[in-house]
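Here is the structure we will look at, set down as structure tokens.
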Amino acid sequence: MVMRAHTVIVRSLRVVLALGFVGALGVVGLYLFGREGRPDSTEAGAMPTPQELEEEFTVISEGFEFALTRGDKVIFEISGDEQRAARDGRVFLENVFISMDRGDGTYQVEAQQALYNPRNQDSRLEGGVVLRGGSGLSIQSDWLRLEGEGREVLARGGVRFRSRRQFQGRSDELVANLDDHGLRLSGNVNVRTLKGAKTPIRMETEELEYSEQEGRVNARGGVSFQSERERLEADDLTVTFDPETREVSEIELIGSVEADMGAGGVLEEGASADGTREFAPEQTPPPIGGPNSLRMSGDRLHMSFDGISGDPMGLLLIGTTSPAVIEQEQADGTHARMHVRSLSGVFEGGVLTAGELGGPLRIVQAEPATTPRRAGADQGVVRFHSDTGQLATLDLLGEVSLSEEEIQATGDEAFIEFSTGRVEIVGDPARAVHAKGTLEMPRLVFQRGTGLVHAHQGVKVILDRGGEAIGGLSVGGRESEEPVYVEADEILLYSDPDSALFRGQVRAWQGTTTLFTDELRGSPEPYQQLAAVGNVRTLVVPQPEDDAAPEPAPQPVVAQGDSTGDGDTEGEADSEGSGPAPLPTGPMNITADEMTYMEGENRVVYRGSVQAVRDWAALECEELSVILDEETNEARQMLLQREVRIDDGFNKRVLEGERALYAPNGTEIELFGDPVKVDDGKGGMMEGGRHFLYDFETGGMRLTSREANVAP
């Protein structure tokens with residue numbers, strides 16, 4: 001009986017050893033020889049339940065160790081605290097340790113439990129599974145499978161990993177190839193570069209593949225990418241690493257690209273109590289849309305990085321199915337948005353400083369309280385402030401259009417300065433439609449916020465609102481609604497206050513009245529005023545009367561003394577003539593140093609060397625006030641003051657005094673002086689009296705007793 005019992009025990013031990021050896025050989029065979037095909041995950045089953053261990057795993061031993069050597073080197077070993085073997089050949093181990101030698105070093109696996117099935121050569125580990133080895137690969141998971149001669153590792157459930165050189169992260173599932181050090185992750189993938197990377201990045205996606213040999217990461221199924229300065233999202237992502245420095249060299253995003261160039265803030269990993277690298281608790285990434293962030297969207301985005309410093313060097317954003325969009329909140333509260341076909345950006349010191357825009361492109365800059373600025377062009381160049389990343393300037397080229405507030409303009413080129421709101425347009429010529437009228441010029445500057453329009457070099461303007469467009473006034477003698485045409489070297493139009501300034505060889509005309517001057521200014525405040533300064537000349541051409549009879553040819557007149565008298569005559573001057581002179585009916589040409597028109601007084605005032613010439617009559621003085629009719633706005637009376645001179649070229653008379661009154665449509669002119677001087681054109685000179693009435697039609701003169709201080 002004793003011998004028989006001993007035989008049974010020996011046989012049991014042999015069974016245990018045999019089964020253990022078979023299990024070990026199964027693992028070794030899995031490690032060394034692999035198997036054809038890959039078993040379906042459903043074939044391997046799960047770990048045995050406690051009931052299955054009692055019912056099916058009948059052979060038990062307290063410990064198990066097995067090692068396989070090649071020469072003097074151990075290439076595989078497995079051990080466990082407890083072994084159970086089933087009749088179908090499955091082997092169950094607890095507190096498992098596996099060591100495998102691969103080409104790049106030794107890999108070690110630890111787990112609470114392991115199950116090996118020699119039938120399909122499947123080895124599974126569960127419970128706090130940790131794989132470490134090679135040049136830094138580590139995997140932690142709840143469940144792990146080894147297959148393919150140990151080349152491939154499949155991990156599931158709370159997977160945490162750290163690659164040899166670049167990455168660490170987590171996922172729902174991980175497949176690792178220990179020969180080429182490739183990783184494939186799927187399901188809630190969260191990956192980041194190791195601490196100390198020159199270009200720290202973080203990725204979130206549904207599927208990711210990493211090939212260390214190729215130095216490349218491919219992510220699919222919706223990718224969120226975050227670096228130190230950028231936050232990107234797309235359908236697919238490819239990251240390429242420099243083969244020498246192992247730093248990021250290129251990033252390419254494809255499909256539904258969203259980029260925030262100012263978010264950044266990569267989260268760092270933490271450390272466990274034993275000093276091993278673990279991941280920090282989940283944190284909320286920084287929000288997209290910081291104060292200086294530049295947001296982009298398109299179909300494709302490519303970025304290149306310096307392999308040594310890790311700084312971004314170039315950027316290419318492309319919109320294929322629809323235009324790419326670039327937008328940013330500006331310091332003045334406006335929101336700038338650009339629609340382009342492409343953006344080719346350049347970085348300096350890791351900051352985006354400039355970019356070429358492929359068109360056609362459109363830009364909209366707006367805030368809720370103002371009219372949006374809209375512009376378009378064939379292409380452009382954008383520049384950014386290097387310290388803040390804010391949009392600085394934008395050059396627009398080819399078929400430029402601009403619309404904002406009171407102006408719509410077109411040209412060949414344009415320049416926009418975002419910080420000041422200044423816009424400059426040039427063309428051959430550039431054209432603009434303003435609230436005051438239309439402009440044509442080689443160069444135009446518009447200042448956002450002030451409504452200032454500044455045009456240069458040969459400006460042509462049609463003020464559709466007539467005199468109202470230059471301060472609510474008329475250039476001369478017509479109703480203000482009639483258009484005013486202006487040519488000048490320079491023009492400035494203001495919206496607040498509503499005013500206009502023309503400078504440099506100004507020529508303005510309205511109806512039949514033309515004004516020439518060096519500078520013309522119109523302003524409604526503090527009162528309606530139009531002022532011309534420097535070489536002022538006004539040419540007024542009378543409107544022809546449809547039924548007017550032709551004027552007779554002028555005849556010489558010899559002035560005769562007026563013997564009729566009117567009861568207030570102090571003296572009379574003789575004149576000779578053969579008939580009345582025709583009244584001056586031709587254009588009136590007025591020259592002066594400056595001119596001012598005040599609508600409230602219906603008065604135009606010329607000052608400084610004033611001369612008014614009409615046909616053969618010339619009026620000269622230092623100040624000329626033209627009183628306008630309130631209804632027709634035509635000249636009703638003219639007041640001449642200081643150093644007055646009246647030259648009657650038809651009757652050869654010259655009169656001089658201090659003041660004169662003249663009605664352009666009348667025949668007489670009143671001259672005041674103390675004394676009044678008269679040259680009869682025949683060598684005779686009369687000097688005396690204080691008030692003369694002179695008739696241009698007859699050449700007759702009357703001396704009266706009226707006081708010289710009489711004003712119109």
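The values are calculated or read from the model by the stated rules, or taken from the named source; none is laboratory data. Just so you know, these numbers come straight off a predicted model, no measurement behind them. Cβ coordinates were reconstructed from backbone atoms using ideal geometry, including for glycine residues, and neighbour counts include every protein chain displayed. Ligands, DNA and RNA are excluded from the accessible area calculation, which covers all protein heavy atoms including side chains. Shrake-Rupley method; radii C 1.70, N 1.55, O 1.52, S 1.80 Å.
What lysines could a cross-link reach from Lys460, if we take a straight Cα to Cα line under 16 Å and drop same-chain neighbours fewer than 8 places away?
Lys436
Using label points projected 7 Å from each Cα along Cα→Cβ, tell me how many nm separate Glu482 and Leu452, to one decimal.
Going by the 7 Å Cα→Cβ label model, 3.4 nm.
Compute the separation of the alpha-carbon centres of the stretch 395-460 and the stretch 245-260 and state it in Å as a whole number.
Cα centroid to Cα centroid, the span is 39 Å.
Suppose R0 equals 41 Å. What FRET efficiency, 1/(1 + (r/R0)^6) with r the Cβ-Cβ distance, do Ala366 and Asn188 give to the nearest 0.05?
Details: r = 40 Å, r/R0 = 0.97.
Plugging the Cβ-Cβ distance into 1/(1 + (r/R0)^6) gives 0.55.
Within the stretch 422-452, find all residues whose amide N lies under 13 Å from a label point positioned 7 Å from the Cα of Ser403 along Cα-to-beta-carbon.
Within reach of a label on Ser403: 433.
Taking only protein heavy atoms into account and a 1.4 Å probe, give the accessible area per residue of the stretch 324-466 in Å². Write out the running numbers ahead of the final one.
On the way: 5740 Å² over 143 residues.
For the stretch 324-466, the per-residue accessible area is 40 Å².
For the ranges 694-703, 499-508, what's the packing order if you count other beta-carbon atoms within 10 Å of each residue, average per peptide, and put the highest first?
On the way: 694-703: 22.6, 499-508: 20.8.
With the highest mean Cβ count within 10 Å placed first, the list reads 694-703, 499-508.
Determine the distance separating the Cα centre of the stretch 659-708 from the Cα centre of the stretch 585-633; give it in Å without decimals.
So the separation of the two Cα centres works out to 19 Å.
First measure r as the distance between the Cβ atoms of Thr106 and Ser309, then evaluate 1/(1 + (r/R0)^6) with R0 = 30 Å and state the FRET efficiency to the nearest 0.05.
Numbers: r = 36 Å, r/R0 = 1.19.
Efficiency at R0 = 30 Å is approximately 0.25.
Could you work out the per residue convex hull volume over the alpha carbons of the stretch 175-261, in cubic angstrom? The partial results should precede the final answer.
Numbers: hull volume 7.5 nm³, N = 87.
Expressed per residue, the convex hull around the Cα atoms of the stretch 175-261 is 86 Å³.
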